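See below for the structure under consideration.
The values are calculated or read from the model by the stated rules, or taken from the named source; none is laboratory data. Note that the structure is predicted; figures quoted are calculated from it, not measured. Here the Cβ positions follow ideal geometry from the backbone for every residue, glycine too, while neighbour counts run over all protein chains shown. Side chains are part of the model used for accessible areas, which takes the heavy atoms of the whole protein and leaves out ligands, DNA and RNA. Shrake-Rupley method; radii C 1.70, N 1.55, O 1.52, S 1.80 Å.
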Amino acid sequence: MSSPELVTVGRILGAHGVKGWVKVYSDTEPREQIFRYRPWYLLTASGSSQIELAEGRLQGKGLVARFATITDRESAALLTGSEVAVPASVLPKSSEGTYYWRDL
């Protein structure tokens, strides 16, 4: 089985709180749209891995997310700098005359 074509839609900025939440930067418009795209893959220098997004929300001026398998601050902090990617197939089709950056 081949891997899906992945599109980067954001990145992990750092840990948030003590229960494994992370701060998320989103390239989507509107920014909270990132939580509608599933599954998430985290891209690092050592490769990519799928991770289950348990929940995500607006928090103040930013976004925070919690993953099913991350339950403490130390584990969340290890994700800092990871890019968030989703399969290209879950993104909506671009309308006529508009394009995704990946298409240019």
Worksheet item: Tell me which aspartates and glutamates have Cα within less than 12 Å of Lys61's Cα, excluding those fewer than 8 residues away on the same chain?
Response: Glu32
Practice prompt. Would you work out what percent of the accessible area of the chain, with all protein chains in place, is carbon or sulfur (probe 1.4 Å)?
Written response: 50
Practice prompt. Return the long-range amide H neighbours of Val9 (sequence gap of 5 or more, or a different chain), with a cut-off of under 5 Å between placed amide H atoms.
Written response: Val84, Ala85, Val86
Fill in: Listed residues Gly56, Gly14, Gly47, most fluctuating in the chain (Gaussian network, C-alpha, under 10 Å)
Gly47
Worksheet entry | Amide hydrogen neighbours beyond the local backbone of Trp40, cut-off 5 Å, H modeled | Ile51, Leu53
Worksheet item: If we restrict to alpha carbons, what Rg and Dmax does the stretch 1-84 come to, in Å?
Response: 12.1, 41
Item to complete: Go through the stretch 11-25 residue by residue and turn each phi into a ³J(HN,Hα) via Karplus (6.51, -1.76, 1.60, θ = phi - 60°); whole Hz please, and just put x for glycine and proline.
Response: 7, 8, 8, x, 6, 9, x, 10, 9, x, 6, 10, 7, 10, 9
Worksheet item: At a Förster distance of 30 Å, what's the computed FRET efficiency of Tyr99 paired with Val18, Cβ-Cβ distance as r, to 0.05?
Response: 0.10
Worksheet item: How high is the relative contact order of the chain, given as a whole-number percent (alpha carbon pairs under 8 Å, six or more residues apart)?
Response: 37
Discussion item. At 222 nm, what value in deg cm²/dmol follows for the chain if DSSP H runs of at least 4 each add -39500 (n - 2.57) and the sum is divided by all its residues, to the nearest 500?
Written reply: -1000 deg cm²/dmol
Worksheet item: Once label points are set 7 Å from the Cα along Cα→Cβ at both Ala45 and Lys61, what is their separation, rounded to one decimal in nm?
Response: 3.0
